[in-house]
Structure formats: structure tokens, C-alpha cells
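J.: One structure, as C-alpha cells, below. Some questions next.
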Amino acid sequence: MPRLPPSLFWRARREISPLAAQLLPACRDLQSAANELRWIREHVQDTKSPIPAKLRVWMLVEKRAKGVPLQYVLGTQPFGHLEIKCRSGVLIPRPETEAYTLHLATPLSQQSHPAPSSLSILDLCTGTGCIPLLLLHSLLTTNPSTPTPPPIHIHGIDISPQAISLARANHAHNIALGHLPPAPQSSPRYKLTFSQHDIFSPTLLHNLPPFQKIDLLVSNPPYISHADFARTTARAVRNHEPRLALVPPPPPLGDRDPTSAGYQYQCQPQDIFYARLLEIVSLLKPERVLMEVGGWEQALRVVGLVTGTGDGEKGVGGGCGDVAGKYEVEVWRDEPAVRGKGGERVEVGGREVVVRGVGKGRAVYLVRRGSIPPSSSSE
Amino acid sequence: MLRPLSSLRALLRRAGIPESHHGPPISRPALRSRFTTSPAANLKQLPPRPKHPPESEIEESFLKGSGPGGQKINKTSSAVQLKHIPTGLVVKSQATRSRTQNRKIARDLLALKLDAIANGDQSRTAVVGDVKRKRAASKAKKSRRKYRKLVDAGAGAGSEGEGQQVEEGREQGGEEEEGEEWEVVEETEEGEVETEAERAQDPETERVQPIEVDNTKKDK
């Protein structure tokens, strides 16, 4: 991190407030220091506490100045129209996730032409539960005109018990805020459940709720490599967010060599979640799949895993390579809704893949061939 | 809160008199005017909030630092910048932490700006600015009057012994001030008008440009 010039601290002190100068090392520039100080003050004004307001502002600024992410300091992060609670130990929702989740809801809600009997969504590595909650909100609000909207079943899975309890708390929190209708025991409008499982566990599929078919499988798995975690990951993220949610675990001892026979997945260590996800895809056969990725190279590697044409790597999951022929593959950039260069494509292993939106490579999207018309989002 | 209208209706209902017996129904604003003493200007309808321009005319961008994004970094601000393609107008909002909220605020701002360009004096920002300016001016005038009275009373009480001279002086002073006051009012008003109108023009700009002097003031 470059050193901040003392003049910047003076400016913060003079033009904004001494508190802003205190925030500067964490925020790195005047504008965001001013913004964060304002948000902290607003938060203190909006919440009740026996502690005097000025002292609370000072305490929160102090905490933030130590590098704790603002979302942990304030305890929330806006996500779409929802407010997601954040606690240390669970990854904070990112704006890129918000962008593709909102974009994802559009084709799902437009899919009402064959009048599906229900809409089932499975979210793996759900964390705060932000993706299922926002999908639910979008589906409930964008499609009220249909006479009988299909009931929505959403299930979220995470390995961390903290994440599961936070996801449930977030569901209750957004019901209390009035963003979501109360959990319906009687009316079958939607059902949202979370459960704690390891997605690598062989018994995972037996523990899922009995879905007839899955319309969408979505996942934001850990995808940062060890090297990137040390080098390109922000300090606040490294020091305060759970490593479990960021970096895939190394292969079990004894299987250190990824090409050894015991190592199940023929891919780079940071991509093992995608290998496992594609295995799950080949078994559950969802209509659509969305997997968040860490950048353009990783997006291409994941496309390679899907098509079984990655450099020298064989098909996914030892023979489950039938994913390749059954799905259309797209790569989504940070803002999939913004129209970028029209008709951008990229070739991976002799197969042309549509690229949508602008920004960095952010997600790999699969649509099952034949069953639904190819993604209706305008291009 | 006392609601004269509804309580009147409730009374009528209790008395068994159907409301329709009282001749043709009176429109709401007209009815309200019978119960309020505030000037009629307040009842004048402001122009409605302008509609957002169509999405096809907007080029939206999300300002973010360079870097990998995603899980690797954790941004707190999600600034939204809109460019109106036909006019080239650019607005930016980082008022809230919420991207969704910022997108809406930016669109509101853009709509207000376009409205101001298209309708000039009749635009919502101009009319709202007018109303605010008038209110501010009348408030300033009242406060000036009040403090002048206080000062005069103090002066009168402090120097009773000098009798008529002072009285005269006061009278004269009063007259002069009366004359002066108008000039002063014009001047100060002009000064205030500028800032007030600017502020009124887009209430969100303050939020959009958050490096503001306000914070400093609050602290000291």
C-alpha cells in the first residue's frame, strides 16, 4: 500500500472532520472517508442505544480505523432492496454478486410461459444467504401480475454453522423490515430453507430437500488461490473475513500432487469447487447454473472444465463430462445487464462462448439445451 | 393529531346526517382551506416529480477502483454514474451504501436536471426553489423585525431619562430603518437567493458531494 501524504490528513481534518482523518488509513481517500463518516453518523442516528451518540460515533470510527470492514462495524450491508446482516466469520456480500443476482431473476420470472408448477432454486455456499433472499425478493416482486405465480422453493447450503444461523437471521430480519412477506406456514407461496452441509460430502445429495427438478443452481464458492490471497487480496479482506469463504482448502495430505491418482479433481487447486459443482450439476441436471468466478482467466478455466477441453485436463469428475453437450455456456462480466460490445464471444477449446456485460469476468452461466429458449436477456 | 375534516365527518355521521345532505361535495383542497389559516400559496400544487428518462437513453457506469473485484476486495461505496446520451448530461450518486438506492437517486437527479432544462421557470426545481426562497425571505424578515423590536425596547429601557430626544431619535431611526430595510432586504435576499436556489435546485447534490463544510461545523 502506498504511503498517504500528511497533507491528505490535514485536508481531511480541515475540510471534513478530525474523525475523517482517523478513517483515512482504512479508507485510503478523502471521498470515501467522508462517505463512511457520514454513514457511521447516520447509523448512530438511526439506531437506539443508551450510549451517547457522539461517543458511539467515536467508537465506531475507532473500530473502522483499525481496518475492520465497515459492514462488520455497522452490522449490515444493503443488497438490492434488502438489508443483509453481516457478522465476522461470514463473508460480506459483494456488489458484483448483487448485480448478477438481480440479472438472474429476470429470465427466471419470465419463464412463466409453460406455467411451471414450481420454481426450485438451490444455492451452494450461501454465506449470509444474500443470493437466495434477493432472488426470492425479485421473484416475488417482479411477477405479481400472473394469476397464479408458481410457488418458489429455495434451499441454501453452507458448511459453516455461523453462516447458516446468519442466513436464517437475515430471512427473519428482512421479514421484520417488511422487505419479504412473512414466512408462510399455511400459504405455499414460497419456502426458504437453509441447512449445513459440506458440498464435498458424498451424502450431500441424500440430504437435499426432495426437489422434483431444479430450475437454478447458483453458487459463490471460495475461489482465491493461495498465491492471490497473499498478493492481490485486500488487507481488510485478508485480516477480517473468513478464509474458509475465500480460499478453497488444499488437497488432503498425501494428495499434494494434483495429478496423482488419489486426487479426485483434475484441475488447479483454486478451481476444485467448480469441479465439484459440475459434478453436482451432472447429477441434479438443473435448468440453469450460475457460478461466480474470480476473473477472466478463472472464467475461461471453468468454461474449460465444463466443455472438458481445458488445457490437457480431462472431463469433469471422472466421466461425468456429459455436462458439455447438454448446456449452453456464457461468461458474464461484472455488470451483465449493461450492454457491452455487441455480440462479444470468446473461443474456448474450439467452442464459442457468449460473453455478456462489461467489467471483469465474474460468472459462468449454463443453460440447459432444448428445455428452455436460450437466455432471453436482450443482446 | 387533530383532524378537523375527519372529526367533522364523524360528528355528522353520529348525528345521523348523511354527508350527501349538505349539498354537492366540496373538493378536498377547498375544504381544507376552510380550516387552515396558512397562506393560499402553500396549497398551490407543485409540479409533479419528473419521470425518469427511458433506459435506452442512459449510459450507466459503476465507478470502482482498478483491481480484481469480487471476493478479493471489499468496497464500501457503490457510486453510480449516469450519462444521458442525447444531451451528454452526467450525474453521479454515492449518497447511500446501497447500489440499488444510488441508481434510483441518480435517475431522479437526471430527471430533475432534464426537467430544469426543458421547462425552465416552470420546472419542478425552479418552482420548489421559488417556494423555498419565499419562505426563507419571510422568515428572515420576521426575525429581523423581532430583533429590531428587542433592540429598540432595550434601548428605550436603558435610557429613560433622556426622554423625548431619544423618542424622536427612535422615531427617526425607525423611519430610516424602514427605508433602509427594504434596501437591505433586497441585498441580503439577493445573496440568500443564490444559495437557497442552488440548494433547492437539487437537494441531492449535497448528498452527492459529501465533502461538505457541514461536518466540520457540527464537530466544532
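J.: Give the Rg (one decimal place) followed by the Dmax (whole number) of segment A:68-220, computed from C-alpha coordinates and expressed in Å.
T.: Calculated on Cα positions, Rg and Dmax stand at 15.0, 49 Å.
J.: Another one. Over all distinct alpha-carbon pairs, what is the Kirkwood Rh of segment B:76-135 in angstrom? Kindly include the intermediate steps, with their values, before the conclusion.
T.: On the way: mean 1/r = 0.0798 Å⁻¹.
One decimal place: 12.5 Å for the Kirkwood radius.
J.: Something else about it: Please identify, among A:His81, A:His155, A:His197, the residue showing maximal mean-square fluctuation in a Gaussian network model of chain A using a 10 angstrom Cα cutoff.
T.: A:His81
J.: Taking the Cα atoms only, what angle lies between the long axis of helix A:296-307 and the longest principal axis of chain A, rounded to 10 degrees?
T.: Here the helix axis deviates by roughly 20 degrees.
J.: Enter the angle in degrees (range 0 to 90, nearest 10) between the Cα long axis of helix A:53-65 and the first principal axis of the Cα atoms of chain A, meaning the one along which they spread out most.
T.: 60 degrees
J.: Cα to Cα, under 28 Å, and not fewer than 8 places away if on the same chain: which lysines meet these conditions relative to B:Lys142?
T.: B:Lys44, B:Lys132, B:Lys134, B:Lys217, B:Lys218
J.: Shifting gears a bit: Across chain A, how large is the tail of the calculated P(r) beyond 32 Å, expressed as a percent of all Cα pairs? If you can, show how the numbers build up before the last one.
T.: Working: 27043 of 71631 pairs.
Beyond 32 Å sits 38 percent of the P(r) for chain A.
J.: May I pose another question? With θ taken as phi - 60° and the coefficients 6.51, -1.76 and 1.60, list the Karplus ³J(HN,Hα) couplings across segment A:75-91 in order, rounded to whole Hz; mark glycine and proline as x.
T.: Rounded to whole hertz, the list is x, 9, 8, x, 9, x, 8, 9, 10, 9, 6, 10, 10, 4, x, 10, 4.
J.: Additional query: By the scheme Lys and Arg +1, Asp and Glu -1, what is the net charge of all other residues having a beta-carbon under 12 Å from that of B:Ile85? Spell out each step's value before the answer.
T.: Details: positive: B:Lys83; negative: B:Glu55, B:Glu57, B:Glu59, B:Glu60.
Combined, the nearby Lys, Arg, Asp and Glu give -3.
J.: If one takes the longest principal axis of the Cα atoms in chain A, at what angle in degrees, from 0 to 90 and to the nearest 10, does the Cα axis of helix A:95-110 lie?
T.: Taking Cα atoms only, the helix is inclined about 40 degrees.
J.: For segment A:28-44, in order, what is each residue's ³J(HN,Hα) by Karplus, 6.51 cos²θ - 1.76 cosθ + 1.60 with θ = phi - 60°, in whole Hz (x at glycine and Pro)?
T.: 6, 8, 4, 4, 6, 4, 5, 4, 5, 4, 4, 5, 4, 5, 4, 4, 5
J.: Could you work out, for segment A:1-91, what percent of all Cα-Cα pairs fall into each 5 Å distance bin, beginning at 0 Å and stopping at the bin that holds the largest distance?
T.: Over segment A:1-91, the share of Cα pairs per 5 Å bin runs 3, 14, 23, 23, 19, 11, 6, 2 percent.
J.: Say the cut-off is 18 Å between C-alpha atoms; which of A:Lys360/B:Lys64; A:Lys341/B:Lys104; A:Lys191/A:Lys326; A:Lys48/B:Lys104; A:Lys213/A:Lys285 go over it? Display every interim value, and only then the final one.
T.: Details: A:Lys360/B:Lys64 11 Å; A:Lys341/B:Lys104 25 Å; A:Lys191/A:Lys326 29 Å; A:Lys48/B:Lys104 28 Å; A:Lys213/A:Lys285 8 Å.
Listed pairs above 18 Å: A:Lys341/B:Lys104; A:Lys191/A:Lys326; A:Lys48/B:Lys104.
J.: Tell me, what ³J(HN,Hα) does each residue in segment A:206-214 have, in order and in whole Hz, if you take phi through Karplus 6.51 cos²θ - 1.76 cosθ + 1.60 with θ = phi - 60° and put x for Gly and Pro?
T.: After applying 6.51 cos²θ - 1.76 cosθ + 1.60, I find 6, 8, 6, x, x, 7, 6, 9, 10 Hz.
Laboratory data are not the source of any read-out in this text; all were calculated from the coordinates shown. Computed from a predicted structure; not experimentally measured. All Cβ positions, even for glycine, are placed from backbone atoms using ideal geometry, and neighbour counts span all protein chains on display.
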